[in-house]
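The values are calculated or read from the model by the stated rules, or taken from the named source; none is laboratory data. Quick caveat, the model's predicted, so the values are computed rather than measured. Neighbour counts are summed over all protein chains in view; Cβ atoms, including those assigned to glycine, are modelled from backbone coordinates with ideal geometry. With ligands, DNA and RNA removed, areas are computed over all heavy atoms of the protein, side chains included. Shrake-Rupley method; radii C 1.70, N 1.55, O 1.52, S 1.80 Å.
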Amino acid sequence: MNAAIIGTQWGDEGKGKIVDKLAPFFEYNGRGEGAHNAGHTIIHKGEELVLHLIPSAITHLEMICLLGSGMVIDARAFTKEIELLTTRGISLHGRLFVSMRAALITPRHTAIEKSRKNLGAGTGGVGTTMRGVGPAYEEHRARTALRVGDVTKPDFKIKLTHSLLETPELTATSRAEIPALVEEYMKACETLALYATELEPIIANALQDRSSFELEGAQAHNLGVNHGTYPYVTSSSCTAAGLCEGLGFPINRLDSIVGVAKAYTTRVGGGPFATELFDEVGQRIQTIGREIGASTGRARRTGWFDAPVVRQAAITNGVTELALTKLDILTGFSELKICSHYLLGGRRYDHIPWDMNDYANVEPVYVTLPGWTEDISSLRRFNELPENCLNYIRTIEDLTCCQTGIISVGPAPEQTIFRVNSDFFEAMDEH
Ligand code: GDP
Ligand code: IMO
Ligand code: MG
């Protein structure tokens with residue numbers, strides 16, 4: 001079986017946890033888009049491990065992990081992550097490969113990003129992760145990017161130096177620092193070069209052998225440049241189709257598209273957010289849910305579950321089942337709300353309008369449900385969940401027109417419930 005795991009909201013839904021949990025069902029794990037703007041958290045040997053570039057199944061030592069050509073790679077961030085994994089005793093030899101076609105993020109891109117007023121955190125700004133992601137994708141589309149394969153070439157140092165010298169945003173403040181930046185980057189490239197390869201034969205052979213793939217989305221549908229809340233988005237395509245393209249995986253070989261949805265909604269950075277809570281309920285979700293960005297440490301904005309957000313993501317991506325995460329965080333609230341649709345000027349909207357001025361003014365219409373008080377974090381079977389919790393899940397299913405196949409009730413892999421009729425249930429029985 002081949003599956004794509006994608007975010008259906010604004011990121012941080014718990015994709016890393018789900019990818020790690022499902023890893024035993026697969027042989028390959030690939031990322032296809034984004035960069036180290038992502039922060040995917042897993043629990044490895046009881047300790048938290050945050051992965052930014054490297055696929056989340058990496059701790060499963062029998063798995064082959066791939067970074068696809070649709071990603072943008074900062075050699076320094078990559079090297080840092082390799083060092084972290086090595087310190088944690090995770091062997092990478094012969095099982096981690098980076099596409100030579102992926103574009104590089106260099107100090108040029110971070111400098112450009114810092115100079116852009118619209119990308120910062122100021123009023124109306126996108127509030128990016130400041131990792132150089134947008135400028136690197138721009139350069140790639142302009143067909144002038146340095147790519148991962150270039151780091152293996154003898155003239156790479158000269159090309160990198162020229163590129164930094166031709167960056168006014170960099171030279172204006174620190175021209176004298178360029179030689180040191182080049183040396184630092186070149187050092188990181190020594191590590192990157194060890195993993196750089198052409199993915200085509202690897203994927204072709206694996207498909208021929210009928211090996212199974214787990215594709216790992218980064219960011220989320222509503223952060224995607226084509227379908228998200230533009231301009232408050234990242235610069236990559238975050239759909240299942242974008243993920244397949246970015247890895248170089250044939251879309252018709254996917255059997256399952258798992259849409260990961262948090263049981264409430266969060267967002268980091270700027271942009272309208274219809275169900276956002278500014279009261280003590282929102283504060284409580286933020287605190288209990290530990291809603292702090294895994295990449296940047298920024299507090300995540302919190303709000304009620306927004307069904308139009310997830311439903312549209314499910315439709316556009318062809319989601320076959322939802323993985324509903326962080327349900328445990330909602331224990332103890334006397335009542336819970338789910339947004340069923342929006343109203344704007346008397347008109348009903350079942351999706352986010354294209355114009356953010358309109359979206360900022362929609363009125364969310366809510367269904368109010370009773371909460372539950374029982375601790376659900378140690379439950380492992382769907383029908384053991386309290387009735388009000390089951391009712392909450394069923395309402396989400398009705399409003400998003402999706403089946404929930406996987407329910408996560410805690411950050412650890414064992415805190416997962418597989419629904420009897422889910423794609424993974426039978427496979428799980430074999431493990
Ligand atoms: P990702 O970017 O989609 O991989 O998600 P992040 O790792 O950025 O954020 C999800 C956070 O929630 C991490 O701290 C996870 O350890 C944690 N998490 C994931 N699933 C659950 C869950 O079901 N319950 C709780 N309490 N925490 C979870
Ligand atoms: P994961 O994979 C949450 C957000 C940023 C900002 C916008 C653009 O962990 O779910 P960028 O640096 O990409 O140009 O920033 O996108 N963003 C994320 N938010 N989770 C992520 O990744 C994100 N990656 C980017 O906060 O609003
Ligand atoms: Mg994250």
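Could you name the lysines in cross-link range of Lys157, using Cα to Cα under 25 Å and dropping any fewer than eight places away on the same chain?
Lys157 reaches Lys80, Lys114, Lys187.
At a 1.4 Å probe radius, carbon and sulfur cover how many percent of the accessible area of the range 7-138?
Roughly 53 percent of what the probe reaches on the range 7-138 is carbon or sulfur.
Placing +1 at every Lys and Arg Cβ and -1 at every Asp and Glu Cβ, with all other atoms neutral, what dipole size does the range 212-276 have around its Cα centre, in debye to the nearest 20?
140
Place a label point 7 angstrom from the Cα of Asn361 along the Cα-to-Cβ direction, then list the residues of the range 89-131 whose backbone nitrogen is under 20 Å away.
124-125
Which listed residue (Ala263, Asn361, Ile43) has the Cα farthest towards the positive end of the charge dipole for the chain, taking +1 on Lys and Arg C-beta and -1 on Asp and Glu C-beta about the Cα centre?
It is Asn361, whose Cα lies furthest towards the positive end.
So what's the back-of-envelope 222 nm ellipticity for the chain, counting only DSSP H runs of four-plus at -39500 (n - 2.57) apiece and dividing by all residues, rounded to 500? Numbers along the way, then the final one.
Working: 14 runs with 138 residues, N = 431.
Here the helix-only value at 222 nm equals -9500 deg cm²/dmol.
May I ask for the Kirkwood hydrodynamic radius of the range 123-274, worked out over all distinct Cα pairs and given in angstroms to one decimal?
The Cα-based Kirkwood calculation yields 18.7 Å.
So for the range 260-419: antiparallel DSSP bridges make up what percent, rounded to the nearest 5?
Around 70 percent antiparallel, to the nearest 5.
Report, in degrees rounded to the nearest 10, the 0 to 90 angle that the Cα long axis of helix 387-400 makes with the longest principal axis of the chain.
Taking the Cα atoms of the chain, the angle to 387-400 is about 60 degrees.
Specify the longest stretch of the chain that does not include any exposed loop site, a site being one of the trypsin sites (Lys or Arg not before Pro) with a non-H, G, I, E, B DSSP assignment and at most 15 other Cβ atoms within 10 Å.
By the stated rule (loop sites, at most 15 other Cβ atoms within 10 Å), 299-379.
Calculate how many DSSP beta bridges within the chain are antiparallel, expressed in % of all such bridges and rounded to the nearest 5.
Bridges in the chain are about 40 percent antiparallel.
Computed FRET efficiency, Cβ-Cβ of Asp255 and Ala204, R0 25 Å: what is it to the nearest 0.05?
Efficiency at R0 = 25 Å is approximately 0.85.
Under the 0.36 nm per residue contour assumption, what length would be gained going from the current alpha-carbon distance of Ala412 and Asp155 to full extension?
Gain in length upon complete extension: 87.9 nm.
Just want the answer: with Cβ charges of +1 for Lys and Arg and -1 for Asp and Glu, which residue in Ser237, Val319, Pro413 is farthest toward the dipole's positive end in the chain?
Ranked along the dipole, the leading option is Ser237.
Which one, Ile105, Gly127, Thr144, projects farthest toward the positive side of the charge dipole computed for the range 63-209 from Cβ point charges (K/R +1, D/E -1)?
Gly127
Across the chain, where is the longest run that never hits GluC sites (Glu not before Pro) in a DSSP loop with at most 14 other C-beta atoms within 10 Å?
That would be 199-373.
Among all stretches of the chain without exposed chymotrypsin sites (Phe, Trp or Tyr not before Pro) (DSSP loop, at most 10 other Cβ atoms within 10 Å), which one is longest?
Longest gap between qualifying sites, sites excluded: 1-277.
Based on Cβ point charges of +1 for Lys and Arg and -1 for Asp and Glu, what charge dipole magnitude is obtained for the range 328-397 about its Cα centre, in debye rounded to the nearest 20?
So the magnitude is around 140 debye.
Given a 1.4 Å probe and every protein chain left where it sits, what share in percent of the accessible area of the range 175-231 is carbon and sulfur? Don't skip to the end; give the middle numbers.
On the way: 1440 of 2830 Å².
For the range 175-231, the apolar C and S fraction of the accessible surface comes to 51 percent.
State the percentage of accessible surface on the range 294-431 attributable to carbon and sulfur atoms; use a 1.4 Å probe and exclude ligands, DNA and RNA.
It is 48 percent, rounded to a whole number.
Assuming 0.36 nm per residue, please report the length gained on full extension of the stretch Ser377 to Ser174 beyond their Cα-Cα distance.
Taking Ser377 through Ser174 to full extension adds about 68.0 nm, to one decimal.
Give the cross-link partners of Lys262 among the lysines, using a straight C-alpha distance below 21 Å as the criterion and excluding same-chain residues fewer than 8 apart.
Lys15, Lys17, Lys21, Lys326, Lys337
Quick check: convex hull of the Cα atoms in the chain, volume per residue, rounded to a whole Å³?
Value for the chain: 138 Å³ per residue.
With charges set only on the Cβ (+1 for Lys and Arg, -1 for Asp and Glu), what does the dipole of the chain come to about its Cα centre, in debye to the nearest 20?
It works out to roughly 1000 debye.
Excluding ligands, DNA and RNA, what is the solvent-accessible area per residue of the chain at a probe of 1.4 Å, expressed in Å²?
Accessible area per residue, the chain: 42 Å².
Quick check: the distance between the Cα centres of the range 196-218 and the range 273-315, to the nearest angstrom?
Cα centroid of the range 196-218 versus Cα centroid of the range 273-315: 34 Å apart.
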